[in-house]
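Student: Pasting a structure here, questions to come.
Read-outs: derived from the displayed coordinates by stated rules, not from any lab. Given the structure is predicted, the values throughout are model-derived calculations rather than measurements. Quick reminder, even Gly has a Cβ in these numbers, built from the backbone with ideal geometry, and neighbours come from all protein chains shown.
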Amino acid sequence: MYAFDLERPATVADAVTALGADEAQALGGGQTLIPTLKQRLASPSVLVSLSGIAEMTGICTRDDGSLAIGGGTTHAAVAVGADVFPGLAGLAAGIGDPAVRNRGTVGGSLANNDPSACYPAGALASGATIVTNAREIPADDYFQGLFTTALEEGEVVTEVRFPVPEASAYMKFEQPASRFALVGVFVAKHADGVRVAVTGASENGVFRWSEAEAALNDSFTADALNGLSLPAEGMINDLHGSDAYRAHITAVMTKRAVTAAC
Amino acid sequence: MTKVTMTVNGASVSGEAAGNTLLVEFLREELRLTGTHVGCDTSQCGACSVHVDGKLVKSCTMFAAEADGTDVITIEGEAAEDGTLSTVQQAFQDHHGLQCGFCTPGMVMAATALLKENPKPSEAEVRHYLEGNICRCTGYHNIVKSIMAASGQNVEPMAAE
Ligand SMILES: Cc1cc2nc3c(=O)[nH]c(=O)nc-3n(C[C@H](O)[C@H](O)[C@H](O)COP(=O)(O)OP(=O)(O)OC[C@H]3O[C@@H](n4cnc5c(N)ncnc54)[C@H](O)[C@@H]3O)c2cc1C
Ligand code: FES
Ligand code: FES
């Protein structure tokens, strides 16, 4: 690692001020950023640790019924604390391993937007709102391709609001070495329609599979998806799986997610 | 450099740490607690697992400064002062849960965290919990058996050692 200073502000306001410094970068749980720093793929002058900010952790239900999760809340805390939204709790419980879940955070995962990460699928399928120190961003506008989001430099994800679907499930086909999703599908049946979000598969990062949504709006059953397939074009093609394989697995995982949600 | 203070295995300790000093470096190099191992340094193997405020973490993937003010337990804190092994450690010895021993500190810390959360896990639950701990020697079988035994469950029906 290159040398840097580490600051530990206690409030969002202080963190935002600290992030205004030249070459400053936020540190969430560090489960992605610390390995990146070790590879010298990032060279911040100051790391602003968000883990001491009490106002950014915790889970509560809002008046409109949505689940508000602080951006600094760990995957482990969501796994046990999001019981009103079992699909999301299940997603969090399946990330990495216990030690990763004890440190990694919702805000860090969404800010990073790894094309194989789980939370982007959960946020997009839920129709979540990503709340920052500056504004509220709907999930449909937030994800902008591989490792790219609507976040501006120095913007902090302070909270994520997840509308709670009537039924939901996340099915992840694990890449066994990394434990990330080779393909992960989150299916959420809301009062106003079904949303299907796919991670791990596309070269453009997380996406909604609209044909599957339309079929599931007609009938929320795995059979409704019979015959539906995605083109291999635009899917990730790497040593872990070809593009055609990922397209196929996406359809299989979508069916399994619907079955699990029913 | 900043001064960091934490409780390690019950004793309050202080030391200097740079921003990029990892918790594992602080434990091994500053405190000379070399029982916590570094296997991969890339967050994959779990050899560096310790407990921070009662939670299992990979000490190669946390900065020392982030542990300021916390309560840290390492493998050196598991046995009693007179050297009596903890239940988990004793079970690893009794059931041949280690070969070279490199992964063992991390395995014991993970197993201890598991049994605190889930005192009577199934074999499948043990294997699932150990996803972040890699062993190059044992094939895991006797590690799982040791943890099942430490939880007070009958391990007779599990295959021979
Ligand atoms: C062995 C292993 C297995 C894993 N398996 C999975 C898996 O199966 N599924 C999965 O989804 N993920 C997996 N992960 C990644 C894990 O979920 C990370 O915790 C997550 O991607 C990043 O979150 P973090 O809090 O650790 O962020 P960090 O690593 O601290 O930061 C990541 C990026 O986000 C920025 N950032 C952090 N917090 C915020 C914030 N609140 N606001 C704005 N920007 C912020 C940082 O500046 C940095 O650019 C795995 C990681 C490891 C090491
Ligand atoms: S040394 Fe920390 S996970 Fe391998
Ligand atoms: S006993 Fe040798 S690595 Fe596990």
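Student: If one takes the longest principal axis of the Cα atoms in chain B, at what angle in degrees, from 0 to 90 and to the nearest 10, does the Cα axis of helix B:141-150 lie?
Tutor: That helix lies at roughly 80 degrees to the long axis.
Student: How high is the relative contact order of chain A, in percent, with contacts defined as C-alpha pairs under 8 Å that are six or more residues apart? Can you show the working numbers first?
Tutor: Values: 609 pairs, mean separation 40.2, N = 262.
Answer for chain A is 15 percent.
Student: Go through segment B:68-73 residue by residue and turn each phi into a ³J(HN,Hα) via Karplus (6.51, -1.76, 1.60, θ = phi - 60°); whole Hz please, and just put x for glycine and proline.
Tutor: For segment B:68-73, the Karplus-derived couplings read 4, x, 9, 10, 10, 10 Hz, x marking Gly and Pro.
Student: Tell me, what ³J(HN,Hα) does each residue in segment A:77-94 have, in order and in whole Hz, if you take phi through Karplus 6.51 cos²θ - 1.76 cosθ + 1.60 with θ = phi - 60° and put x for Gly and Pro?
Tutor: In residue order, the calculated couplings are 5, 5, 4, 9, x, 9, 5, 6, 10, x, x, 6, 4, x, 4, 5, 5, x Hz.
Student: Can you give the relative contact order of chain B as a percent, counting alpha carbon pairs under 8 Å and 6+ residues apart? Don't skip to the answer; put the middle values down first.
Tutor: Details: 293 pairs, mean separation 36.6, N = 161.
This gives 23 percent for chain B.
Student: In the P(r) worked out for segment A:5-49, what percent of Cα pairs fall beyond 14 Å?
Tutor: 44
Student: I'd like the distance between the alpha-carbon centres of segment B:70-94 and segment B:1-19, rounded to an integer number of Å.
Tutor: Going from one Cα centre to the other spans 22 Å.
Student: So, one more: Looking only at B:THR84, B:THR21, B:THR104, which one moves most when chain B is put into a Gaussian network model with springs between Cα atoms under 10 Å?
Tutor: B:THR84
Student: Also, I was wondering about something else. Between A:GLU233 and B:LYS116, how many nm apart are label points set 7 Å from Cα along the C-beta direction?
Tutor: The modelled label-to-label distance comes out at 5.4 nm.
Student: Let me ask something additional. Where does the protein assembly as shown land on Rg/Rh, using Cα atoms and the Kirkwood Rh?
Tutor: Here the Rg-to-Rh quotient is 0.98.
Student: I need the fraction of alpha carbon pairs in segment A:100-176 separated by more than 21 Å, rounded to a whole percent.
Tutor: Numbers: 735 of 2926 pairs.
In whole percent, the share of Cα-Cα pairs in segment A:100-176 beyond 21 Å is 25.
Student: At q = 0.08 Å⁻¹, what base-10 log of I(q)/I(0) does the Debye formula yield for chain B when every alpha carbon is treated as an equal point scatterer in vacuo?
Tutor: Those come out to -0.23, one per q.
Student: R0 = 35 Å: FRET efficiency of B:HIS96 with B:VAL13, Cβ-based, nearest 0.05? Can you show the working numbers first?
Tutor: Working: r = 34 Å, r/R0 = 0.98.
Computed FRET efficiency for B:HIS96 and B:VAL13 comes out at 0.55.
Student: Moving on to the next point. What does the charge count around B:ALA18 come to, taking other residues whose C-beta lies under 10 Å from its C-beta (Lys +1, Arg +1, Asp -1, Glu -1)?
Tutor: Details: positive: none; negative: A:ASP5, B:GLU16, B:GLU25.
Computed value for this residue: -3.
Student: Hey, another quick one. Normalising by the residue count of segment B:2-75, find the relative contact order in percent from Cα pairs under 8 Å and 6+ residues apart.
Tutor: 39
Student: Turning to a different aspect of this structure: Say the cut-off is 23 Å between C-alpha atoms; which of B:LYS120/B:LYS145; A:LYS172/B:LYS120; A:LYS172/B:LYS116; A:LYS38/B:LYS58 go over it?
Tutor: Numbers: B:LYS120/B:LYS145 13 Å; A:LYS172/B:LYS120 27 Å; A:LYS172/B:LYS116 28 Å; A:LYS38/B:LYS58 15 Å.
Beyond 23 Å between Cα atoms: A:LYS172/B:LYS120; A:LYS172/B:LYS116.
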